[in-house]
Amino acid sequence: MEKIKLGMVGCGRMMKRHAMVIQMVDNVEITAVCDVVRERAEDVATVLNNPHVTTDYRTMVEHVDAVLVALPHDLHYECGLFFARQKKHVMMEKPLCNTEAECLKLIEVCEEEGVVLMCAYPVRFWPGVNKLKELVDSGEYGKVMQMSVWTEQFTKYDELHWINTARVGGGQLFSHGCHYIDILLWFLGNPVKGMHFGTRVGTPWLLGEGTSAATIVFENGAIGYHGATWGARGSRLGYDFQIQTEKGLLEYDHHAGEVRVYDKLSAHEPGEHEEGKENFHLVWQRDKELTKETQYEIKHFADCIINGTKPLTDGRSTLQGLRVIWKLYEAEKNNVVADLRGLGLN
């Protein structure tokens, strides 16, 4: 079986877990790891099969066919451009780049060099999310009225960490919410208008908003909502996806690993609980313990390289999602509703 030799650029705290999970992918071998702090790269290498270890990603070229770039956001463009010009395929951690000009240039160079460019949006490839999409696309539950994506976590690094600076390129919506704007566009289609509100209350260490609420109206009449916080001191929903349709409520609870269909109203009054009177049925359940689930997007990336196909989260569709976010930010600043026409994932 043909194997893609993958290099990992940037060995922050999530990369060791990524490396362990990626080894589940049968057509990928991690052959090089890089970090400016050599000890971090060496730590990731401990779970791998003797990869090339370096502090300079330029020395990785002869060891790899492709790279996964997980650097601070402001370094995505420079690093991606380097590997594209060396004819190496690029999977870029989100967001693709910090500006539209950088995104467009990186996309164009990858196209000119004939290399695959994919943005690391793993949520697109989670089996539970795909099951939810399958239920929506089946038409069995009628038209979608509203889709909500909620995420809650506590994100705080040391005071000098780059994520607390302008290097991050925006706030919570740009840095993390880009995953879920992508999901809303994928599920609901072409956006028409929207609004965003963000606050630093509870997350004063961040330069941009740490808690975010975005609402988008789509051409098909559906409303999409993404609410999220990086300041959660407690969690109930975790990562939760809910879709209200004409015939019921569809939900994916990521932490529980369950897709549920609620197709009848609760038999008891709000605030009461009646044992044995659940108003949903389970249609899918994850069969393994929760991981980062990075293996699914890496497998897709490798398959695209081997088969010469376009990734689901390619550069141009990724840029469309970022354009939505930038439009929402601009409208929030000007206290107006954002015009999002023409920014779908066609």
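The values are calculated or read from the model by the stated rules, or taken from the named source; none is laboratory data. Since this is a predicted model, take the numbers as computed values, not measurements. Counting neighbours? That spans all protein chains shown, and the Cβs are built from the backbone with ideal geometry, glycine included.
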Next item on the list: Mind telling me which of the residues Leu173, Leu184, Leu188 ends up being buried (at least 19 other Cβ atoms within 10 Å of the Cβ), in contact with a helix residue (DSSP H, G or I) (Cβ under 7 Å, 6 or more places away or on another chain) and either basic (Lys, Arg) or closer than 21 Å to Thr318 by Cβ (or both)?
Entry: Leu173
Margin query: Here is a check on your reading of the model: is Thr203 in contact with a strand residue (DSSP E or B) (Cβ under 8 Å, 6 or more places away or on another chain), over 26 Å from Phe125 (Cα atoms), crowded, with 17+ Cβ neighbours inside 10 Å and among the polar types (S, T, N, Q)?
Written below: yes
Next item on the list: Please identify the pairs in which a residue from region 278-303 that is farther than 23 Å from Val261 by Cα has its Cβ atom under 7 Å from the Cβ atom of a residue that is among the basic types (Lys, Arg), counting only partners at least 6 apart or on another chain.
Entry: Lys292/Arg17
Check: For Glu269, which of the numbered conditions (1) at pLDDT 95 or above; (2) over 24 Å from Asp137 (Cα atoms); (3) in a loop (DSSP other than H, G, I, E, B) fails to hold?
Finding: (1)
Check: With respect to Val168, is the statement that it is under 28 Å from Arg13 (Cα atoms) and buried (at least 19 other Cβ atoms within 10 Å of the Cβ) true?
Finding: yes
Notebook entry, point to check: Hey, which of the helices (runs of 4 or more DSSP H) in region 17-133, taking only ones fully inside, have at least 1 residues that are of a type in the set (Val, Ile, Thr) and outside the structural domain of Trp186 (by TED's automatic domain parsing)?
Noted result: 38-45, 100-113
Checklist line | Residue, nearest to Val61 (Cα to Cα), within region 1-15, restricted to residues that are among the small types (Gly, Ala, Ser) and outside any strand (DSSP E or B) | finding: Gly10
Notebook entry, point to check: Exactly one of (1) assigned by TED's automatic domain parsing to the domain that holds Lys88; (2) closer than 30 Å to Gln242 by Cβ is unmet by Tyr141. Its number?
Noted result: (1)
